[in-house]
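The values are calculated or read from the model by the stated rules, or taken from the named source; none is laboratory data. These numbers were taken from a predicted model, which means no experiment stands behind them. Cβ atoms come from the backbone with ideal geometry, glycine included; neighbour counts cover every protein chain shown.
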Amino acid sequence: MANVVIIGTQWGDEGKGKVVDLLTERADCVVRFQGGNNAGHTLVVDGKKFILHLIPSGILHPGKVCMIGNGTVIDPAVLIQEIDRLNGHGVAVSPENLVLSRYAHIIMPYHRALDIARENKKGKSKIGTTGRGIGPCYEDKVCRGGIRTHDLFNRKTLRKKLEKNLEEKNFMLGKFFGEEPLDIDAIEEEYLAYGERLAPFADHVSERIDELCRQGRDVLFEGAQGTHLDVDHGTYPYVTSSNTVAGNVCAGAGIGPTRIDRVLGVVKAYTTRVGEGPFPTELRDATGERIQSLGGEYGSTTGRPRRCGWLDMVVVNTSVRLNGLAGLVITKLDVLTGIPVLKVAVGYQCGSRRLNSVPPELDGLEACRPIYEELPGWEEDIGRVRRLGDLPSNTQRYLKAIEEIAGIPLAIVSVGPGRDETIALKDPFDFE
Ligand code: GDP
């Protein structure tokens, strides 16, 4: 029995979806603990592609339980749509296999309206949020005005909270942003209806996980976004509005730190970043465009093209430290095939200083220049390789360099989007 956490080590979009999908085979339960529908996994069911933003992709595996913890924020319309679409495609979603925390905060229409109005007002200095109301929802959680899942089950409580919140939100929307105010009656009816639909799924996630742990079951905790988008440890303010690091599994799902056996970090074989913010190894040339096009680097949530660059081991090593990683999962190695020389950032030159981890202040990072190690590329198609030793020697050299610089072992290497396009090196649920 083991409880394993999967975390993105870069700026998100590392290919966590495929990795979680693979590991779900071994787990009994998959849990999300932070973020909202700003995350997204691309899935293929019966040849039809669709994207899940809230429900863990483990839902596709019969017999597995998926849980959405208290640390997430929920847009109920999106969640209901995902449930209905999955059911419509023959994937049974019921309270048997989907559990929503009663304490997860609800994204309200004023959160979305404020998110968009604020981002528009910022103009050039915008953060690049997805405009889904996630940040404003977390703000209300912290200022203790938030509406939680269980509030949708009680008309009187919901009305009282809405009255209080809308007085302030409509003032902001109307007077500060020049937007239309929102109507309380319409929101009340809409959200009570959502409550009715979601009530059967709502439960105490912390207790349910504890029960599973006591039965010796394997639980997989699925991080969304990436370590460098963490609200405390990321490239603030160009970050997401929750803690994405492994430590937040405990608060966001309601478990104690001693319940976590292992944390694995997913590393894309190069680096991407969506939206604004510093990116030392960014490539603004034909190689960057090649990686973007071969890697299909367009946001699954917003469709925005992702900025692409060389693998940055300063970023990865900082994640090793912040998450206490035990092993790495390398994804999208196949995308690098055909590039004659590969560069890997092994440190930053910041004025006269050499840095080995990402400086916490934005100004510091913007002033950094990557120090590169150059490695020879490979031409061979690696998509069909299933054993490390069968990879071209230069590909093995690239992987060895990552392992040595990070100082922790590789657990899995992904050489294509398919489930079988994988080289398994260690069982994440069972290694020392
Ligand atoms: P996530 O949010 O971290 O899961 O990242 P994305 O939604 O951006 O998923 C990454 C995309 O890359 C998906 O379309 C996957 O099917 C695809 N993918 C995952 N692993 C690999 C890989 O090893 N090679 C290739 N070519 N594609 C991959």
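Every listed requirement among (1) over 24 Å from residue 403 (Cβ atoms); (2) out of contact with any Gly (no Cβ under 8 Å at 6 or more places or on another chain) is met by residue 288 save one, (2). For segment 252-277, a residue qualifies if it is at pLDDT below 95 and in contact with a Ser or Thr (Cβ under 6 Å, 6 or more places away or on another chain), and exactly one does: 277.
Every residue, every condition in (1) surrounded by fewer than 18 Cβ atoms within 10 Å (Cβ to Cβ); (2) in contact with a strand residue (DSSP E or B) (Cβ under 9 Å, 6 or more places away or on another chain), yes or no:
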position	(1), (2)
363	yes, no
370	no, yes
389	yes, no
402	no, yes
409	yes, yes
423	no, yes
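Here residue 199 does not qualify as of a type in the set (A, V, I, L, M) and crowded, with 19+ Cβ neighbours inside 10 Å.
Out of all the residues in segment 52-67, is one or more more than 14 Å from the ligand (Cβ to nearest atom), in contact with a strand residue (DSSP E or B) (Cβ under 8 Å, 6 or more places away or on another chain), among the hydrophobic types (A, V, I, L, M, F, W, C) and within 22 Å of residue 145 (Cα to Cα)?
Taking segment 52-67 first, the residues more than 14 Å from the ligand (Cβ to nearest atom) are 59, 61-67.
Now narrow it down to the ones that are in contact with a strand residue (DSSP E or B) (Cβ under 8 Å, 6 or more places away or on another chain): 59, 64-67.
The next check asks that each one be among the hydrophobic types (A, V, I, L, M, F, W, C); those that pass are 59, 65-67.
Filter again for within 22 Å of residue 145 (Cα to Cα), leaving none.
The answer is no, given that none of the residues of segment 52-67 is more than 14 Å from the ligand (Cβ to nearest atom), in contact with a strand residue (DSSP E or B) (Cβ under 8 Å, 6 or more places away or on another chain), among the hydrophobic types (A, V, I, L, M, F, W, C) and within 22 Å of residue 145 (Cα to Cα).
Just to verify a result, which residue in segment 326-339, among those that are within 16 Å of the ligand (Cβ to nearest atom) and within 26 Å of residue 232 (Cβ to Cβ), is surrounded by the fewest Cβ atoms within 10 Å (Cβ to Cβ)? Among residues in segment 326-339 that are within 16 Å of the ligand (Cβ to nearest atom) and within 26 Å of residue 232 (Cβ to Cβ), the one surrounded by the fewest Cβ atoms within 10 Å (Cβ to Cβ) is 328. For beta carbons closer than 7 Å, sequence separation of 6+ or different chains, a first residue in segment 333-345 that is in contact (Cβ under 8 Å) with a residue 40 or more places away in the chain and within 18 Å of residue 423 (Cβ to Cβ) and a second that is more than 14 Å from the ligand (Cβ to nearest atom) and in a strand (DSSP E or B), the qualifying pairs are 336/342.
Counting only residues that are of a type in the set (Lys, Arg) and within 16 Å of the ligand (Cβ to nearest atom), which one in segment 263-303 is nearest to residue 412 (Cα to Cα)? Spell out the reasoning first.
Applying the first criterion (of a type in the set (Lys, Arg)) to segment 263-303 yields 268, 273, 284, 290.
Remaining after also requiring within 16 Å of the ligand (Cβ to nearest atom): 268, 273, 290.
Details: 268: 12, 273: 23, 290: 25 Å.
Here the residue is 268.
Of the residues examined, residue 316 is one that is more than 12 Å from the ligand (Cβ to nearest atom), hydrophobic (A, V, I, L, M, F, W, C) and either part of a strand (DSSP E or B) or within 25 Å of residue 221 (Cα to Cα) (or both).
Within segment 87-100, none of the residues are acidic (Asp, Glu) and within 16 Å of the ligand (Cβ to nearest atom). If you check 276, 222, 282 for being in the same structural domain as residue 80 (by TED's automatic domain parsing), charged (D, E, K, R) and within 17 Å of residue 6 (Cβ to Cβ), only one passes: 222. How many residues are at pLDDT 90 or above and part of a loop (DSSP other than H, G, I, E, B) when one looks only at segment 1-11? The number of residues fulfilling the criteria is 4.
Given the condition within 16 Å of the ligand (Cβ to nearest atom), under 27 Å from residue 150 (Cβ atoms) and either part of a strand (DSSP E or B) or outside the structural domain of residue 18 (by TED's automatic domain parsing) (or both), answer yes or no: does some residue in segment 189-211 qualify? Full working, then the answer.
Going through segment 189-211, the residues within 16 Å of the ligand (Cβ to nearest atom) turn out to be none.
Scanning segment 189-211 turns up no residue that is within 16 Å of the ligand (Cβ to nearest atom), under 27 Å from residue 150 (Cβ atoms) and either part of a strand (DSSP E or B) or outside the structural domain of residue 18 (by TED's automatic domain parsing) (or both).
Residues in segment 198-206: is at least one within 23 Å of the chain's Cα centre (by Cα) and modelled with pLDDT under 95? No - not one qualifying residue is present in segment 198-206. Count of segment 280-303 residues, restricted to those that are in a loop (DSSP other than H, G, I, E, B), within 19 Å of the chain's Cα centre (by Cα) and without any contact (Cβ under 8 Å) to a residue 40 or more places away in the chain, is 2. Looking across segment 15-25, the residues that are more than 9 Å from the ligand (Cβ to nearest atom) and at pLDDT 90 or above come down to 23, 24. Can you find, within segment 238-250, the residue that is surrounded by the fewest Cβ atoms within 10 Å (Cβ to Cβ) among those that are among the hydrophobic types (A, V, I, L, M, F, W, C) and within 16 Å of residue 6 (Cα to Cα)? My answer is 250. Against the list (1) free of Cβ contacts under 8 Å to residues at least 40 places away in the same chain; (2) within 16 Å of residue 14 (Cα to Cα); (3) of a type in the set (D, E, K, R), the condition residue 230 fails is (1).
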